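Trainee: Sending over a structure as structure tokens; questions will come in a sec.
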Amino acid sequence: MSVSTASYVVWAAIGALAVALWWLSYVRPAAVAHPSEVVGRLATHPVGRVLLVLAFLWLGWHLFAR
Amino acid sequence: MRARSVLLVAGGVGYSLGAASTTPFTLPADVLTGVVVAAMAVSVLARWPLRTRKARAVAGRSVTARSAHPYLPWLGLFLACVAWELFNYLVHGTRSNHPTFSSMADAVDRSYPLKALVFLLWLALGRLIVDRGSRSRAGRLGTIEPAEA
């Protein structure tokens, strides 16, 4: 396996883990919070909400304008 | 209400298609992205309470009765993502051997439909963030300061 393939495999594993957590949030909501709950928790936290908005703005600027 | 939602989605799709047709590092890209940035800032200032407090302090029972830490798996995923991004960014080698989030995003940007879809998802995330932090929702969670509630 080349270095490039290995790198992409790790990224794919992280992506698969995200999908698995999303699914778990539906079947075992007591163990894993739904993504919208995570956003809600951050958006109502005194410090988290500032970081959340800054991360959102940075993400958009970095992806589309840069 | 339904007509408003349809209009909102249609507007978002149209705007995303327009924004996806721009090229990064150009004025149109800056303007179309900047408008969303400004709209987000205005929405947050208009709809969010000025101050909040931690949910655990005021609604501890509802938070702790659920399970140990339902947010921990997501924190772990986030940390894994950051660690792998930093490793790829800092390690010696070509970007194709060590792809970062940005280099993969560049590949997505080369496809117009994919870029439009990612822009639409970004808009939807912004809407979700504004809604979840709004005064009414914070009031229901008990995280809003009493003076503002």
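Trainee: Could you pull out the residue among B:Gly133, B:Gly139 that is in contact with a Phe, Trp or Tyr (Cβ under 6 Å, 6 or more places away or on another chain) and farther than 22 Å from A:Ala12 by Cα?
Mentor: The match here is B:Gly133.
Trainee: Another one. Among the residues of the stretch B:79-95, write down those that are assigned to a helix (DSSP H, G or I) and either of a type in the set (Asp, Glu) or surrounded by 13 or more Cβ atoms within 10 Å (Cβ to Cβ) (or both).
Mentor: Applying the first criterion (assigned to a helix (DSSP H, G or I)) to the stretch B:79-95 yields B:79-90.
Matches in the stretch B:79-95: B:Ala80, B:Cys81, B:Trp84, B:Glu85, B:Phe87, B:Asn88, B:Tyr89.
Trainee: So which residues in the stretch A:10-37 are facing chain B (nearest Cβ under 7 Å), buried (at least 18 other Cβ atoms within 10 Å of the Cβ) and farther than 20 Å from B:Trp84 by Cβ?
Mentor: Within the stretch A:10-37, A:Val32, A:Ala33 qualify.
Trainee: Taking into account only those residues within the stretch B:1-24 that are surrounded by fewer than 13 Cβ atoms within 10 Å (Cβ to Cβ) and polar (S, T, N, Q), which is modelled with the lowest pLDDT?
Mentor: Only one residue fits best here, namely B:Ser5.
Trainee: While we're looking at this one, here's another question. Name the residues in the stretch A:38-58 that are at the interface with chain B (Cβ under 7 Å from one of its Cβ atoms) and either surrounded by fewer than 20 Cβ atoms within 10 Å (Cβ to Cβ) or closer than 29 Å to B:Ala20 by Cα (or both), would you? Before the answer, list the steps.
Mentor: Filtering the stretch A:38-58 for residues at the interface with chain B (Cβ under 7 Å from one of its Cβ atoms) gives A:38-41, A:43-46, A:49, A:52-53, A:56-57.
Matches in the stretch A:38-58: A:Val38, A:Val39, A:Gly40, A:Ala43, A:His45, A:Pro46, A:Arg49, A:Leu52, A:Val53, A:Phe56, A:Leu57.
Trainee: Still on this model: Considering every residue within the stretch B:132-140, establish whether at least one is over 21 Å from B:Val35 (Cα atoms), within 8 Å of another protein chain (Cβ to nearest Cβ) and in contact (Cβ under 8 Å) with a residue 40 or more places away in the chain.
Mentor: yes
The values are calculated or read from the model by the stated rules, or taken from the named source; none is laboratory data. Being a predicted model, the structure only gives us computed values, none of them experimental. Cβ coordinates were reconstructed from backbone atoms using ideal geometry, including for glycine residues, and neighbour counts include every protein chain displayed.
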